[in-house]
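I have a structure here, written as structure tokens, and I will follow up with some questions on it.
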Amino acid sequence: MAKEEKTKTETMRPFEEWAALLATPPWLLAAARAKANWPEGREVSESEYRAALKAAQSEVIG
């Protein structure tokens, strides 16, 4: 429940807005979106967005 309360205080924006604000490379945005299974327009917090980017970057493909 504490996590839900924390999320309520964070700014929620569509992930596409975070991508523009943080100048996320298109390839990384596509990888994060696929890994997190986000539909178009999904609102996320900045911490959730950054965590998805980190998870996508650490994914081993091989």
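The values are calculated or read from the model by the stated rules, or taken from the named source; none is laboratory data. Keep in mind that what you see is a predicted model, and the values were worked out from it rather than measured. Cβ atoms come from the backbone with ideal geometry, glycine included; neighbour counts cover every protein chain shown.
Looking only at the range 25-57, count every residue that is part of a loop (DSSP other than H, G, I, E, B) and more than 19 Å from Glu10 (Cα to Cα) and tell me the total.
The qualifying residues number 4.
Let me ask something else about it. Being modelled with pLDDT of 95 or more, more than 9 Å from the chain's Cα centre (by Cα), surrounded by 14 or more Cβ atoms within 10 Å (Cβ to Cβ) and charged (D, E, K, R) is the requirement here; does Glu17 meet it? Before the answer, list the steps.
Values: modelled with pLDDT of 95 or more: yes; more than 9 Å from the chain's Cα centre (by Cα): yes; surrounded by 14 or more Cβ atoms within 10 Å (Cβ to Cβ): yes; charged (D, E, K, R): yes.
Yes.
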